[in-house]
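Following: one structure in structure tokens, then a few remarks.
The values are calculated or read from the model by the stated rules, or taken from the named source; none is laboratory data. Please read these numbers as outputs of a predicted model, since none were measured by experiment. Here the Cβ positions follow ideal geometry from the backbone for every residue, glycine too, while neighbour counts run over all protein chains shown.
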Ligand code: HEM
Ligand code: FES
């Protein structure tokens, strides 16, 4: 048995894998959120396109000299998928083990230090998994986008989607659950990697709380912006221009 | 004091247990929790009934034998206190008290409130030896150890191996116990040659005994009668990462000219 298998076989090894993949997923989330917030940047005067759409094109064109159109994007997608699958498989294995090892609950269960966030990592994580699948079918492939989806028209697609109240609700609820997951996870990963101690504990927990709130609110801003009318309906002129430039 | 007790009764590990209700009419607030159970058992013996089986030895909070979950809390409501050091004055007249054994898959019930904690012994065994000269006691200051390290190692070594951490953990995890045992040796120079082998072996043993993994709830450090910090879990994780990196880097077999 190789040293990596031996490492992954133990609960501690698995937990370290969950922490590293969780940290990578978090870094992706930061980049993704910053990209989304370009919805608030309006129209690019140079091209006459929405800045959000320009950004989406940039992601496809980035590095096209080397890897072709969408090459870097696909490489990143594959990398992300691998990291995501490793995270999910590892934590599901751990959760099943942990469920089996507990001896059932006491007549009066009393929690002294665990939080709602720490107790809902597995169920919240499963909801996030369902959400991620929905989200890709919604905005990437358009399969579950029932309100006028056109490839490449990111701003218009988002505007149309978030005029529907239940779509806004799904996104906001998912982001609250993500915030809870990150509140426990972002502190927990330091403990798991052996980087926490009594002196760093309080600052790290505060940092996790702040980052969780920033990420959740940062993602929620876009659906709420479209739903509330702060982000205006796409003008037909800009939309056709986007189509021409594609 | 008058108390209503609901005590877990279970014949052995292969039968199902249930709560039995007992009424206590004359409990002195000066009794310890275990003395209160002694009084109950005397009464049961006189009535020709089976006394309640529970674990105890030193009754002064140092051996780690007593192991009661009292109203859902391992060792009861008092922080940093074993069940044997808990006194009835912590309860009120007319209280209802639930008394249960440690619940975890790796700690099967032997009878009533007694569980089999030999899995802990096997984790210790897996740790193996440390290389120190035997014979007459060594000169105390032969190996210099900084005060900080000595204190930290002592904080870890305060673990009495009672298993409250496992009982309090929703995952039935023995991470706090194993971490305390790994840490107190990892901090000291004695045993350093075996440190990588030791942390791996103890974690593997912990897993194979059927304990769960850590999800950082932190319930264990609240339940611990010795106030052992989950800092030691962090320390063991780090020790485990180092051990694995070291074994990746280590040359296998004969080293030839390159
Ligand atoms: C959206 C992206 C996600 C991010 C950024 C993320 C992040 C994290 C982080 C940082 C941790 C902490 C690891 C540790 O405790 O050391 C974690 C743990 C966990 N994640 Fe995720 N996660 C994501 C998605 C998911 C999904 C989809 C699932 C479920 C299928 C999931 C289930 C879990 C579980 C159960 C844990 C707890 C592991 C444990 O404490 O033992 N996560 N996650
Ligand atoms: S009986 Fe020894 S610690 Fe309680």
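Within segment B:203-213, can you find the residues that are part of a helix (DSSP H, G or I) and more than 15 Å from the chain's Cα centre (by Cα)? Walk me through how you get there before you give the answer.
Let us first name the residues in segment B:203-213 that are part of a helix (DSSP H, G or I), namely B:203-208.
Across segment B:203-213, the qualifying residues are B:203, B:204, B:205, B:207, B:208.
Could you tell me whether residue A:20 is within 12 Å of another protein chain (Cβ to nearest Cβ), surrounded by fewer than 19 Cβ atoms within 10 Å (Cβ to Cβ) and touching a residue at least 24 places away in the same chain (Cβ under 8 Å)? Can you show your working first?
Details: within 12 Å of another protein chain (Cβ to nearest Cβ): yes; surrounded by fewer than 19 Cβ atoms within 10 Å (Cβ to Cβ): yes; touching a residue at least 24 places away in the same chain (Cβ under 8 Å): yes.
For residue A:20, the condition - within 12 Å of another protein chain (Cβ to nearest Cβ), surrounded by fewer than 19 Cβ atoms within 10 Å (Cβ to Cβ) and touching a residue at least 24 places away in the same chain (Cβ under 8 Å) - is met.
Can you tell me how many residues within segment B:119-138 are more than 16 Å from residue B:194 (Cβ to Cβ) and in contact (Cβ under 8 Å) with a residue 12 or more places away in the chain?
Of all residues in segment B:119-138, those more than 16 Å from residue B:194 (Cβ to Cβ) come to B:119-122, B:135-138.
This time we only want the ones that are in contact (Cβ under 8 Å) with a residue 12 or more places away in the chain, so: B:119-120, B:122.
Final tally of qualifying residues: 3.
Filter segment A:207-231 down to residues that are more than 29 Å from residue A:164 (Cα to Cα) and in contact with a helix residue (DSSP H, G or I) (Cβ under 9 Å, 6 or more places away or on another chain), then give me how many there are.
Going residue by residue through segment A:207-231, those that are more than 29 Å from residue A:164 (Cα to Cα) are A:207-210.
Filter again for in contact with a helix residue (DSSP H, G or I) (Cβ under 9 Å, 6 or more places away or on another chain), leaving A:207-209.
Adding up the residues that qualify gives 3.
Would you list the helices (runs of 4 or more DSSP H) that sit entirely within segment B:94-180 and hold 3 or more residues that are within 14 Å of chain A (Cβ to nearest Cβ) and within 16 Å of ligand 2 (Cβ to nearest atom)?
Numbers: elements: B:118-127, B:147-157, B:164-168.
Hits in segment B:94-180: B:164-168.
For segment B:139-168, name all the residues that are free of Cβ contacts under 8 Å to residues at least 60 places away in the same chain and within 14 Å of residue B:191 (Cβ to Cβ).
First pass over segment B:139-168, keeping only residues free of Cβ contacts under 8 Å to residues at least 60 places away in the same chain: B:139-154, B:157.
Scanning segment B:139-168 gives B:143, B:145, B:149, B:153, B:157.
Let's see how each residue does on (1) closer than 19 Å to residue A:191 by Cβ; (2) more than 16 Å from ligand 1 (Cβ to nearest atom):
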{"position": "B:141", "(1), (2)": "no, yes"}
{"position": "B:146", "(1), (2)": "no, yes"}
{"position": "B:154", "(1), (2)": "no, yes"}
{"position": "B:174", "(1), (2)": "yes, no"}
{"position": "B:186", "(1), (2)": "yes, yes"}
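Quick check on segment B:86-125: of everything there that is crowded, with 20+ Cβ neighbours inside 10 Å and more than 21 Å from residue B:6 (Cβ to Cβ), which residue is nearest to ligand 1 (Cβ to nearest atom)?
Top of the filtered list is B:106.
Can you work out which of the residues in segment B:232-242 that are surrounded by fewer than 22 Cβ atoms within 10 Å (Cβ to Cβ) and in contact with a helix residue (DSSP H, G or I) (Cβ under 8 Å, 6 or more places away or on another chain) is farthest from the other protein chains (Cβ to nearest Cβ)? Please lay out each step first, then the result.
Residues of segment B:232-242 surrounded by fewer than 22 Cβ atoms within 10 Å (Cβ to Cβ): B:238, B:241-242.
Next cut, in contact with a helix residue (DSSP H, G or I) (Cβ under 8 Å, 6 or more places away or on another chain) only: B:241-242.
Numbers: B:241: 6, B:242: 9 Å.
Going through the qualifying residues, I end up with B:242.
Which one of these is over 30 Å from residue B:178 (Cα atoms), more than 16 Å from ligand 1 (Cβ to nearest atom) and part of a loop (DSSP other than H, G, I, E, B): B:52, B:39?
Numbers: B:39 fails: part of a loop (DSSP other than H, G, I, E, B).
After ruling out the rest, the residue left standing is B:52.
Looking only at segment B:57-85, which residues are on the phi < 0 side of the Ramachandran plot, within 10 Å of ligand 2 (Cβ to nearest atom) and in a loop (DSSP other than H, G, I, E, B)? Walk me through it before giving the result.
Just the residues of segment B:57-85 that are on the phi < 0 side of the Ramachandran plot, to begin with: B:57-58, B:60, B:62-63, B:65-70, B:73-74, B:77-79, B:81-85.
Restricting the remaining residues to those that are within 10 Å of ligand 2 (Cβ to nearest atom) gives B:57-58, B:60, B:62-63, B:65-68, B:81-85.
Once the filter is applied, which keeps residues that are on the phi < 0 side of the Ramachandran plot, within 10 Å of ligand 2 (Cβ to nearest atom) and in a loop (DSSP other than H, G, I, E, B), segment B:57-85 yields B:57, B:58, B:60, B:62, B:63, B:65, B:66, B:67, B:68, B:81, B:82.
Provide a single number: the residues in segment B:210-229 that are touching a helix residue (DSSP H, G or I) at 6+ places or on another chain (Cβ under 8 Å) and either more than 7 Å from chain A (Cβ to nearest Cβ) or within 16 Å of ligand 2 (Cβ to nearest atom) (or both).
7
Taking helices (runs of 4 or more DSSP H) that fall entirely within segment A:41-124, which contain at least 2 residues that are more than 24 Å from residue A:24 (Cα to Cα) and facing chain B (nearest Cβ under 8 Å)? Break it down into steps so the answer makes sense when it comes.
Numbers: elements: A:51-61, A:64-67, A:71-101, A:116-119.
Helices (runs of 4 or more DSSP H) meeting the threshold: A:71-101.
Among the residues of segment A:133-140, is there at least one that is away from chain B (no Cβ under 11 Å), surrounded by 14 or more Cβ atoms within 10 Å (Cβ to Cβ), at pLDDT 95 or above and away from ligand 1 (no atom under 14 Å from the Cβ)?
Checked segment A:133-140: at least one residue is away from chain B (no Cβ under 11 Å), surrounded by 14 or more Cβ atoms within 10 Å (Cβ to Cβ), at pLDDT 95 or above and away from ligand 1 (no atom under 14 Å from the Cβ).
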